[in-house]
1. Based on this model, can you work out whether VAL165 counts as open to solvent by 10 Å² or more (accessible area, probe 1.4 Å), part of a loop (DSSP other than H, G, I, E, B), touching a strand residue (DSSP E or B) at 6+ places or on another chain (Cβ under 6 Å) and touching a residue at least 24 places away in the same chain (Cβ under 8 Å)?
2. Which ones in the range 297-310 are within 24 Å of the chain's Cα centre (by Cα) and not in a helix (DSSP H, G or I)?
3. Is it the case that some residue within the range 86-93 is out of contact with any Phe, Trp or Tyr (no Cβ under 9 Å at 6 or more places or on another chain), open to solvent by 20 Å² or more (accessible area, probe 1.4 Å), part of a helix (DSSP H, G or I) and closer than 20 Å to PRO197 by Cβ?
4. Which residue, of GLY178, GLY190, is part of a loop (DSSP other than H, G, I, E, B) and over 21 Å from SER219 (Cβ atoms)?
5. Give the residue that is nearest to GLN36 (Cα to Cα), with candidates limited to residues of the range 63-89 that are small (Gly, Ala, Ser) and out of contact with any Lys or Arg (no Cβ under 8 Å at 6 or more places or on another chain).
6. Which residues, taken from the range 94-108, are open to solvent by less than 20 Å² (accessible area, probe 1.4 Å), out of contact with any Gly (no Cβ under 9 Å at 6 or more places or on another chain) and assigned to a loop (DSSP other than H, G, I, E, B)?
7. Considering only the range 168-198, how many residues are open to solvent by less than 50 Å² (accessible area, probe 1.4 Å) and of a type in the set (S, T, N, Q)?
8. Being out of contact with any strand residue (DSSP E or B) (no Cβ under 7 Å at 6 or more places or on another chain), within 23 Å of LYS171 (Cα to Cα), among the charged types (D, E, K, R) and open to solvent by 60 Å² or more (accessible area, probe 1.4 Å) is the requirement here; does LYS308 meet it?
Amino acid sequence: MLTRRHLLATAVAAPAILRFGTGTAQAATTLKISHQFPGGTIDKGDFRDRLCRMFAAEVAKRSNGDIAAEIYPNSSLIKTNAQFSAMRKGALDISLYPMPYAGGELPETNIGLMPGLVTTYDQGLRWKKEPVGKALTDFLADKGIILLTWVWQAGGVASRSKPIVAPEDAKGLKVRGGSREMDMVLQTAGASVLSVPSNEIYAAMQTGACDAGITSSTSLISFRLEEVAKSLTSGAGASYWFMLEPLMMSKTIFDKLPKNHQDILLAVGTELEAFGRKGAQDDDVEVAKVYEKAGAKVSVLDAATVGKWRDIARDTAWKDYSAKTATSANLLKLATDVAA
């Protein structure tokens, strides 16, 4: 019987490229969809890969095969950190991409992982229809990116040694935070930080270059970090770490498509948001089971502990981010107006 773990392991070893539609030879448009996560099938595996495959299949169906798509998991087409820039230049069509990875290029995108800012899925998903969502969408469009599917993910901590629950637990450890702002919070708590994409955390922990990694529940599972961890802090009940990982598209490519094709892409993207939320929340529950089975100690966060992390973030990361640009200041102000 094939389990999710077997499928992911197989997909890592042999990245799959799938084509949808009536066949790429007949397709008027063939889109390349890249992401850093393990590949699987439309029914099994990392839900982010599944979302991309579901998107491709439904777009092909609604366009009667006029739009085909090729899926490139495991950063097999373009390296992880280069995918955002490639979309802006029109060299990559679509990516399911952790928004804060673009922070070095556009610091405003770090709003997608601002510690303590988003604390529930309801709050994060409300952004899309609130002024902060319009401001972020407009900003990204101006920089060459179209948001197709809003996906938020709660995160937790995998540690090689003791659990990291409260800020003081991080003191003296080397921790991967996931964004510049999260790194600032960790440094204030006394940790040193390591900046790598989530698909490189395993190797960093395995070699001892990293003591702990903070990442989404799905990545904690898909990248098999339980194999190198003795402790897990779950974000299932409460979390100070919520990352925006949307399905994004190059505006250059999008603008070249006929209006009916644009409408299909936007409609399918929106309809998949419910699947994205369920996938993330299911993995928030599943991750504890995976780590317990591997023998790791599982700890949980409560509202009071999340508040400690948020207090540090407000005094450090939030202030630093707001001072970056006028757009950053506006985005943060609008985001704080969205109640938890």
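1. Yes: the conditions hold for VAL165.
2. Residues satisfying the conditions are VAL298, SER299, VAL300, LEU301, ASP302.
3. yes
4. So the residue among GLY178, GLY190 that is part of a loop (DSSP other than H, G, I, E, B) and over 21 Å from SER219 (Cβ atoms) is GLY190.
5. If we take residues in the range 63-89 being small (Gly, Ala, Ser) and out of contact with any Lys or Arg (no Cβ under 8 Å at 6 or more places or on another chain), then SER75 is nearest to GLN36 (Cα to Cα).
6. Listed by number, the residues that qualify are TYR97, LEU106.
7. 2
8. Against the criterion (out of contact with any strand residue (DSSP E or B) (no Cβ under 7 Å at 6 or more places or on another chain), within 23 Å of LYS171 (Cα to Cα), among the charged types (D, E, K, R) and open to solvent by 60 Å² or more (accessible area, probe 1.4 Å)), LYS308 qualifies.
The values are calculated or read from the model by the stated rules, or taken from the named source; none is laboratory data. All values derive from a computational prediction rather than experimental measurement. Note: ideal-geometry Cβ built from the backbone for every residue, glycine included; neighbour counts use all protein chains shown. Just so you know, the surface numbers come from the protein's heavy atoms only, side chains and all, with ligands and any DNA or RNA stripped out. Shrake-Rupley method; radii C 1.70, N 1.55, O 1.52, S 1.80 Å.
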